[in-house]
Amino acid sequence: MSTAPALRRWVRPGTAASSWRIGLAGLALALAGWVGVPHDARAADLAYPQKAITLVVPFASGGGTDALARLLGTQLQQVLGQPMVVDNRPGANGTVAWRSVQRQPADGYTLLLGSHSTHVIAPLAAQPPQNPQAMMAQFAVVSIVGHAPLVLAVRADAKERDLGAFVQRAKAPGLSYGSFGVGSSGHVMGEVLADVAHLQWVHVPYKGSAPALTDLLGGHLDSVFLTVSAISGGVESAQVRPLAVTGTHRFPSLPSTPTFVELGWPQMAESGWFALFAPAGTPPVIQDTLAKALHQVLQSSELRSRLLAQGVDPVGSTPEQARRIWAEAFRQAEPVVKRAHIEFP
């Protein structure tokens, strides 16, 4: 199916993206990055995509990231007119997946659904650590798919009714918080809070959110730092009380839960995110096509509702915006990972 009419709806006058108005032939001349590229190469890229696209997922099938990838893939293939094939490559905290994508041709036919965990924390915690600039040189980040904030939560019967009371108690030794693993976003944000609020709590890592939540409800943990989707069932059943959420704005499904930022902890503004990555060197025109296609599918009210149910607040961005967000995430996470001695074997 043709995508040009849909793509034109995402055009901002006065930007490079407005060149879509002048047609595909004019686009090749309007994009400065294509000056000097052979005509046949330009024609091939402008006709993108012409075959199936592989979307690599850094985790096993059946998990939350896999579900997100399949949901996005189904929608994107309708806009792009070509099949989206999900390829699960779990292992080494996402490293197996991103190394496989890194070696693929930079032609837009192999993409990766990465995240703050796989493309910021995992490289920093690897042994030896990946240099952020070197990591960013290996990938083109096409677009931020959505924010995936974390929630600090306690049991509903906990005596601490709000974040302020909980922080005061956690300044003394003895409290614990669970996350879905060493080096997870929950672990890292717990360390950030410990640093800025001078907490003495203890991190307890789990192999997933479910066992952490089970131990919280069973009285073996004092608190958890988990995703919105992980705690939503406990909140609905009135077994879990969310105290605060990361990010800069309240999550739609938790409208009564304040952000750490509004409670006076601006250091907790990082919400975590999912993003679409491609091998470094992927032509800008292909990146732009993918970013616009993703933006289009994220306008669907049905898709947005399904993403919010998975704890993902849909965003969509240009490649330039996504790269700035990625760089800032590295800047914030690197000192935390070093100070807390977070390491992957």
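General remarks:
- Residue-normalised accessible area of the chain, expressed per residue, 1.4 Å probe, Å²: 43
- Prolate/oblate/rounded label for the stretch 181-282 (Cα gyration tensor, a/c 1.5): rounded
- A straight Cα-to-Cα reach below 26 Å connects Lys159 with the lysines Lys171, residues fewer than 8 places away in its own chain not being considered.
- FRET efficiency estimate (nearest 0.05) - Cβ-Cβ, Gln168 to Val85, R0 41 angstrom: 0.20
- Computed label-point distance, nm, for sites Gln239 and Glu302 using a 7 Å Cα→Cβ extension: 3.2
- In this simple spin-label model, placing a label point 7 Å from the Cα along the Cα-to-Cβ direction at both Ala52 and His198 gives a separation of 5.9 nm.
- Net lengthening on full extension, Glu343/Val182 (0.36 nm per residue, minus Cα-Cα): 57.2 nm
- Options Leu294, Ala333, Leu163, ranked by Cα towards positive dipole end of the chain, top entry (Cβ charges): Leu294
- Ignoring lysines fewer than eight residues from Lys292 along the same chain, the ones with Cα atoms less than 19 angstrom from its Cα are Lys51.
- Going by accessible surface with a 1.4 Å probe and the largest first, Lys51, Lys171, Lys292 read Lys51, Lys171, Lys292.
- The apolar share of the surface of the chain, taken as the fraction of accessible area on carbon and sulfur atoms (1.4 Å probe, ligands and nucleic acids excluded), comes to 54 percent.
The values are calculated or read from the model by the stated rules, or taken from the named source; none is laboratory data. All figures in this text were calculated on a predicted structure; none of them were measured in a lab. Note that each Cβ is placed from the backbone with ideal geometry, even for glycine, and that neighbours are counted across all protein chains shown. Just so you know, the surface numbers come from the protein's heavy atoms only, side chains and all, with ligands and any DNA or RNA stripped out. Shrake-Rupley method; radii C 1.70, N 1.55, O 1.52, S 1.80 Å.
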